[in-house]
Amino acid sequence: MKVNSTYSPLDTARQIERSKTPGAIGQKEPAAGRGASHANDGSTVEISENAILMKQAADLAKQAPDIDQSRVNSLKERIRSGNYKVDASVLAEKILEQHLANDFGKNNL
């Protein structure tokens with residue numbers, strides 16, 4: 001096999017040094033309204049608006065209670081009073097979906 005490249009490790013070192021200088025080609029400037037962080041070495045990290053929104057959504061989800069107590073209480077009352085009816089075919093379908101999703105998750109049902 002013949003290699004026709006004049007590329008050398010010295011070229012890599014030069015590219016790295018050029019990228020460290022402010023205003024280097026290929027460097028991104030932080031956009032207004034986005035999260036950006038600058039390290040002491042001049043590098044920049046930019047966080048997209050979608051990532052910020054996802055973080056906010058995750059924080060809100062963590063604050064929400066794991067159990068909807070009002071729904072639990074409502075179901076308990078309906079069971080006690082005899083007003084809670086279960087559709088057996090819907091229940092069977094949900095059990096089957098859950099079983100397939102857990103045991104055969106590759107199917108992505």
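All of the numbers you see were taken from the coordinates with simple rules; none came from a lab. Worth saying up front: this structure is predicted, and the values here are computed from it rather than measured. Note that we place each Cβ from the backbone using ideal geometry, even for glycine, and neighbour counts take in every protein chain shown.
Numbers at a glance
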quantity	calculated
Simple label model, 7 Å out from Cα along Cβ direction - Arg80 to Met54, nm	4.4
Computed Kirkwood radius, in angstrom, where 1/r is averaged over Cα pairs of segment 67-109	12.4
